[in-house]
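The values are calculated or read from the model by the stated rules, or taken from the named source; none is laboratory data. Keep in mind that what you see is a predicted model, and the values were worked out from it rather than measured. Reconstructed Cβ throughout: ideal geometry from the backbone, glycine too, with neighbour counts over all protein chains shown.
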C-alpha cells in the first residue's frame, strides 16, 4: 500500500457522543440550506488550481451527526441526508451538528469504491501493539494521523477537490471534525469538497473513518443535463430520515426489569446495560445506563455489560457520592509526537479538542504529528468482581462482545463486561468517561433482615 496514505488514514473505532438538546432544535438540524452558486467564495488553491468552474454549479449541505431530544442521550452516527444527486462542479459542505462531543471525520471515496472495500484495503479498529507479547501496550486508540491534516476543506481553506487523480488511492478525507468546548476554544466543524467539473458520472460513497463502514452515505454524480433534487427536496429527505431515527430510538429506549442471579451466600448479582441499541441498526446508539439508578443490598454485585451496537465503547468510572464529584478517568489522551519519538502532552487538566488537527510546529516531514494515546484508565483499575471500598475505580474500555469476536476486534486487551461488589452501604455515582451525560448511581442499603 502507498505508505503516504497508510500513514494518513484514520483507524476506525466508534467513539460516539451526543449533545442533549431541546426538541426545538429539530427543524434546524434536519434542514439543508438553500443550494447556492459555487465559485469565487470557495477559492482556488494556487498550487493546485481547480478546473474551470461550471456556470450554475451549486453548493449542497449535509449534516454530520444530529442532536438528541431533551432528557435523552442518543447517538446519531449518520449523515443527514445520506444520499444526494449532484453535477460535476458542485460543492458539498459537511457540517458537524451542534454537539460539543461529536467526533467524526468525513472521507469521500473514489468512484465505485465501497466503504467496506476501503477498510479491507488497509485496516480497521485499534492499532495493534508493536510487540504482540505485550497487548496492553497499544500505541494509539481508534485513529492516528501520520501526516499533517489535509491542507484543504476547513472553513479557512480552499475546498478539497474530488477527482480521478491517480494518487488518490482511496479518496479525500477531512481532519477530525470536533466542536469547541462549552467555554469556547479550538474547533473544526465543517469540511468542504468540490467535484471536479471533468468528473465522470457515477457513485461516490462517503464515510466517517472514526466510526467505521456503518456510518456511510453516497453521492450520485450525474451528467450536467440530468436532473438533481432541489434544496427543498434535500431538506425534506433529511427531515424524514431524522424523524425515522427518532422513532426507532424511542422504540428501543425502554427500561426493563434488570436480570439478577442469586449467589450461594444469599447475595445477588445484578445486571446493568451500558448503552443500548440493535445490531440491525448500528448507526444509532443509546448512550445510557439501564437502569441508571440501581438499589442493591450490601454485599451484592453489579455487572455492567456493553450492549451498544457496532464498536461503541463505554467505561464504568467512579465512584463518588454525587455525579459532579466523579473523578475524570479518561481512557484517551491526545498528544503530539516529535520526530525523535518524544510525546508532547497538553498541560495537566487541559484537553484541547482540536489537538488532532493542530499540532504546532509542523515541518516538512510532518512532525510533530498528532497521536491519540491510551491512558492507564483504558484498563481496569482493579480486577472485575473485586469489592469496592474507596478511591478511584474504572472498568477500563468496554466494547461490545460482537466487536471483540470480529476479525477487527479479536485479540484486543478489552472486555465487554465488568463487575463490582459493594460491601458497604452508601451512594455510589459513576459515569462513562467517553460519553458526557451517561451517568448512573448504585444505592447500597443494609442487607435484608433474616426472618
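So the values come out like this:
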quantity	calculated
Output for segment 198-217, where each listed residue is crowded, with 18+ Cβ neighbours inside 10 Å and either at pLDDT 95 or above or assigned to a loop (DSSP other than H, G, I, E, B) (or both)	199, 204, 205, 206, 209, 210, 211, 217
Options 395, 366, 417, 381; residue that is at pLDDT 90 or above and touching a helix residue (DSSP H, G or I) at 6+ places or on another chain (Cβ under 9 Å)	417
Given (1) within 30 Å of residue 227 (Cβ to Cβ); (2) modelled with pLDDT under 85; (3) not in a loop (DSSP other than H, G, I, E, B), number of the condition residue 119 does not satisfy	(1)
Among the candidates 145, 192, residue that is assigned by TED's automatic domain parsing to the domain that holds residue 108, crowded, with 20+ Cβ neighbours inside 10 Å and at pLDDT below 85	145
Qualifying strands (runs of 3 or more DSSP E) (wholly inside segment 247-343; at least 3 residues being more than 20 Å from residue 418 (Cα to Cα))	332-337
Residue match in segment 263-274 (condition: crowded, with 19+ Cβ neighbours inside 10 Å, assigned by TED's automatic domain parsing to the domain that holds residue 419 and under 30 Å from residue 216 (Cβ atoms))	yes
Condition met for residue 277 (surrounded by 15 or more Cβ atoms within 10 Å (Cβ to Cβ) and in contact with a helix residue (DSSP H, G or I) (Cβ under 8 Å, 6 or more places away or on another chain))	yes
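Results for (1) more than 27 Å from residue 309 (Cβ to Cβ); (2) under 17 Å from the mean Cα position of the chain (by Cα), shown as yes or no for each residue.
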| site | (1), (2) |
| --- | --- |
| 202 | yes, no |
| 205 | no, no |
| 219 | no, no |
| 232 | yes, no |
| 272 | no, no |
| 286 | no, yes |
